[in-house]
Each structure stands twice: as C-alpha cells, then as structure tokens.
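The values are calculated or read from the model by the stated rules, or taken from the named source; none is laboratory data. What you see is a predicted model; the values in this text were computed from it and never measured. Cβ placement follows ideal geometry from the backbone for every residue including glycine, while neighbour counts extend to all protein chains displayed.
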Amino acid sequence: MSGVIAKTIHTETPYRKSAESFIQELNTEYKLHSFWWQSHCDDMPTLWIEKHALIPLLLFLKRDIPQPFEMLYDLSAIDERLRVNRGDGTEKQPSSDFTLVYQLLSFTRNLFIRIKVALAENDLSAPTITKVWENANWYEREVWDLFGIDFPGHPHLQRIMMPLTWKGHPLRKDHHARATEVDPFSLSEEKERKEQEALLFRPEDWGMARANKDSEFMFLNLGPNHPSVHGVFRVALQLDGEQVVDAVPDIGYHHRGAEKMAERQAWHTYVPYTDRIDYLGGVMNNLPYVMALEQLAGIKVPERAQMIRVMMCEFFRISSHLVFFGTFAQDVGQMSPVFYMFIDREKLFGIVEAITGGRMHPAWFRIGGVAQDLPQGWDKMVREFLDYMPARLADYDGMVIKNKLLQRRTRGIGVYDTAEAFEWGVTGPGLRATGLDWDLRKKRPYCGYDQFEFEIPSYDGGDCFDRCRVRVDEIWQSLRIIRQCLENMPPGPYKSDHPLTTPPRKGRTMEDIETLIQHFVNNSWGPVIPAGEVCYPIEATKGLNSYQIISDGGTSSYRTRIRTPSFPHLQMIPLMTNGLLIADLIAIIASIDFVMADVDR
C-alpha cells in the first residue's frame, strides 16, 4: 500500500459531496502513513491501512481533523478466505485472509466511513483501540470470540458471546453452521464437571477486589434470570453495603448466531430472522436489511411502498415505546401503567395484524417493497387509533411523568453527557436525552422521511427521567407521521417490478412462462444479488441499527454484520452506576430500553 490513491465514489448519493470532501481533506492533511481508497456502491468512504498505522490514523480522525469522527460506530471482521469477488483491476482490495472493519461516525460531517485492516491467517492480531474509544472493549472481545483475532493490550480479552468452554470461533468459514454437521451432543461426567467449574464466580476474573483496607465487599449476581434485567442478562455487582462499587454486565445468554445463519439462508428466507433481533421492533428490523439489498441490486422502491414502510415502522416505534414506558414505570414501583399501556399495544397489534397477517413478528417487508397492498378498510382502523391515543397519552403523562415519586427515583440518576455518549457509542433516545437532537430520519432521510413534518424530541439532563421523556415525546411524533401517511398515501404499486424483487409480483405468472419461471426461481433459490458491499443504517426504536452486507454474487450472503444499538448501550452500565444504590441500578437498566436479542443477536 505505497502512496495515497484518491478514488471517487462511483454512485450518486445524497451524501456524496460530504464523502468526497472528506476524501480530499484526508488526502491533503494526513501525512503520517499511506493508505488506499476503495470504492463501493454506497456512500460510506472506505480506506485500507496497515495495522501498525491504525491507531495514529484513528487518533487523527478523532482529535485532530476538523469536524472529527466522534464515535466508533461499529467494529467487526470478515473471513475472506472463500471470497471470490474482491473487485477488479485498480478497485481490487488488498490480499487478506481476514479483514478488520472499523466504522466511524462524524455527527458534524453527517458521514459514516470504513477503515479496513488486512490480516494474514498466520498473523491474526491488531493493536487494541480501547484507549482511543471506550466502547471498543466489547467489540474487540466479540471479534476475538467469533473470529479468533487477537488484540494485544486489551484489558480483558475473553469470550463474550460463546461459553468460556466453547471450542473454535463460530464466524470463521471453516466452523460448522448446523448441529447436523457435527457429532451428536453428549455430556460426560468429566465434561459436566468442567462446565460447572467454568460457571464459578471469581471476583478476580472480573477485575474486582475482594476487599479494601476498610471492609470486605459483597458480591451479588443480578440475573441472568431476574425480572429487573429485562431478559437473560446478568450483572455481577461488587457492593459495599447497598452502594455499587462496580457493576460488570455479562451477556451472551441469548446469542443465537444470527449473523452465521445469514450465510446459509437465501436472501429472501432470511427476512423472518431479522424480526427476531429487536423483537419489539417488528418490521423495523426488516427495513435496513432489505434497503441494503436494494442498494446493492439497484432496485428503486415505489413511493407507495415507501410510505407503507414508514407507516408500519412508526406503528412499531409506538409499540416498542409503550412497552418501555409501562415497564419503566413498573421497575420504579408503579404497577398500573403497564396494564393500561399493554391494552393500547394490543389495539395497535390489531391494526398490524389486519394489514400484515402477523402481530409481533410479521416479517412483512420484501426486497423491492412490501408483501401485499394495504387491505380494504385500513384507513378506518388507523384513523380510529389516531383519534384514540392522544387522550390515553395525556392520562399517562399525569400517571407517570408527573408522578413525584417517579421523578425522585429517576432525576439525576444514571447521568451521562453528550461527549460520554459519543465515547460509548450511544445513539437514539439515549443520545437525544443529552441535548443533541440527532436523528437519522432528519439528518440522513430514507424512505421519504424528508417529506414528513415532525420534530426531534430532546432534553439535556442525560438521566433516567429524560431518557423516558424523549421516548414519550417520540410517540406523539410517530402519531403525527402516521396521520400524514393516512392523509397522503399515494397510489401505485406496492412493490418494484425489478427482476430481483423477492418474491416478484405475480402479475402475469399465469400468462407467460418467463414470469412464471422468474417467480419460481426467486421463491426457490432467491435472487442472485450482484457482488459488492453495503451498509445501511436506520433510526430504529432503540438507536441506530444497520446491516453491513457482503454479496459474493450468489443467492445468499457471504457476510452479514448486524450493528444493533443495545450492544454498546449495556456496556455503559459500570459508568452509569458507580457509587449509586442497587435500587438506582434497576432504574438505570429500565431507562436504557433494550432487549437481549438486540444485544446478543
């Protein structure tokens, strides 16, 4: 990688000028090490750099460049060993057996970038960047766990998703994807003994001291089965009386190998799996996945399909926030609100079921549009719900938000500011509660969000109470968006006629053999998506969610990386709880608004 090669992005995107400006600026101002630009079909500039030059470049981008990249958005890896399509000619990527992928986000530039490091199989290591960004800790542990890439200098490099006794690294291409590919499971007495030993809690393994000069500490496991941790999630607590000295989150109990499963499923048959990531987000999980594939394949989605998508996503934003609102109140001592709010959620699910046929997990979005057109009478149901909800929300405001006991339990608790949110990778309502009104639907509009009138709620307290208020205000804004969908739903097709849509619109399947063959092939094996790489982020219910997809020109994914908001959010728990009480920890966990499937994937 000798010299600097400037490349322009070869597809027109709304953010091309920002990307090209950054490319020109980096070529001009960064002189420490050489790097190489690689073009892609999306609007995320990608550069390659040698691993010894990684940290100087990251420090320059975070601290020295004008309009810096404040956030490490994601860190993942790719096993390149079986990949065929790595580009052609001058666009071909450097030779590598594995690739580390660092994604950065600049809020001031409104720009995502990728930085890639090529690794040889006999030298799978790269310097840790935990001293550059705090949230790199868990990301590097995940890459080591699932790919076996070492990060010398990491403070606690051990498995995070898989059990400590697991053999191998599951996201390598030579690791089995199905249980039927290995011998049947058996549990000998010796293996059972080793598994039990691995579960023993030793404070030293978690970086905790057993005592200080004044007293011995008490250690308490909160979870992994406890109603206050909102899923199969464990927090190892180091306590001095009821005061929290340290709180170490322990995740992975809900890991199901969602990224590994993407490699064995056809493009279309993987859509239902996305519903199970943020299982409260419904079709909003489908959206970044299908939009990434549409960008790879060059599929233009009709206006009607886009507005239907927006309407359904906002319904699920309301549904998710109602669950948060009710359980947040419950966790700090109020029993009634959750029952009222679940009644409203059931009314909402009645609309979702009438439109999609499903409720929590309809898996209804398709490559190129949606599964069916809106049914007759949909508008009446939606209008009734829009007329019904405002009075209910007003009641909840008096019942919960204005409740003095709840305010005392949550104001000034679990506080962090905008700079700390950047450092730990916090997005969505958690970031907007620090006073930054940054929302992808406004900053980088997709699905036609730029045509809607709505506000971005934000508060500047950065505490549990403001994280709640942001989500409550977002319900009101979602109602505004849905009403605009109701009143302005355009006519036209609900799915693109592009040959790679899946399944294709039936149209002429009974009239000509070519259409029938296309329908059969796309339903049986799925479309052949052109080779390339794309990452599409959206503003999901809990923060920024994206699918980084690599196609090798086949009927299934070569690599699918799912970046979820809940993963970095839980990593902040030690910072937010230090010096507080156990009761405060419960309020903090409730205010984060996560589900473990969104964390573990």
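Here are a few things to note about the model shown:
- Residue match in the range 237-259 (condition: under 30 Å from SER524 (Cα atoms), of a type in the set (A, V, I, L, M) and touching a residue at least 24 places away in the same chain (Cβ under 8 Å)): yes
- Close pairs (8 angstrom Cβ cut-off, 6 or more residues apart or separate chains): on the phi > 0 side of the Ramachandran plot in the range 513-539, assigned to a helix (DSSP H, G or I) and surrounded by fewer than 19 Cβ atoms within 10 Å (Cβ to Cβ) anywhere: none
Yes or no, residue by residue, for (1) surrounded by fewer than 20 Cβ atoms within 10 Å (Cβ to Cβ); (2) more than 18 Å from the chain's Cα centre (by Cα):
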| residue | (1), (2) |
| --- | --- |
| PRO203 | yes, yes |
| LYS213 | yes, yes |
| VAL232 | yes, yes |
| GLN238 | no, yes |
| MET261 | yes, no |
| THR269 | yes, yes |
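- Only one of ARG432, ARG444, ARG483, ARG508 that is charged (D, E, K, R), out of contact with any helix residue (DSSP H, G or I) (no Cβ under 7 Å at 6 or more places or on another chain) and farther than 21 Å from GLY333 by Cα: ARG444
Listed here are the residues, each with its yes/no results for (1) within 29 Å of GLY298 (Cβ to Cβ); (2) in contact with a Leu (Cβ under 9 Å, 6 or more places away or on another chain).
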| residue | (1), (2) |
| --- | --- |
| TYR388 | no, no |
| MET399 | no, no |
| LEU405 | no, no |
| GLU420 | no, yes |
| THR427 | yes, yes |
| TYR446 | yes, yes |
| PHE454 | no, no |
| PHE465 | no, yes |
| ASN488 | yes, no |
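- The sole residue among ARG234, ARG210, ARG141 that is in the same structural domain as LEU119 (by TED's automatic domain parsing), without any contact (Cβ under 8 Å) to a residue 24 or more places away in the chain and either more than 20 Å from GLN571 (Cβ to Cβ) or not small (Gly, Ala, Ser) (or both) is ARG141.
- Residue in the range 404-425 that is within 14 Å of ILE475 (Cβ to Cβ) and modelled with pLDDT under 95 present: no
- Residue satisfying all of: in the range 243-286; assigned by TED's automatic domain parsing to the domain that holds ILE413 and of a type in the set (Val, Ile, Thr); farthest from LYS542 (Cα to Cα) among these: THR269
- When the residues of the range 44-58 are filtered to those that are closer than 24 Å to SER18 by Cα and without any contact (Cβ under 8 Å) to a residue 60 or more places away in the chain, the one that is surrounded by the most Cβ atoms within 10 Å (Cβ to Cβ) is LEU57.
- Restricted to strands (runs of 3 or more DSSP E) entirely inside the range 522-564, those with at least 1 residues that are under 28 Å from THR427 (Cβ atoms) and among the polar types (S, T, N, Q) are 544-551, 559-563.
- Single residue of PHE365, PHE349, PHE422 found to be of a type in the set (Phe, Trp, Tyr) and either exposed (fewer than 14 other Cβ atoms within 10 Å of the Cβ) or touching a helix residue (DSSP H, G or I) at 6+ places or on another chain (Cβ under 6 Å) (or both): PHE365
- Single unsatisfied condition, SER186 versus (1) assigned to a loop (DSSP other than H, G, I, E, B); (2) among the polar types (S, T, N, Q); (3) under 19 Å from ILE582 (Cβ atoms): (3)
- On the stretch given as the range 368-408, residues that are under 28 Å from the mean Cα position of the chain (by Cα) and crowded, with 21+ Cβ neighbours inside 10 Å total 3.
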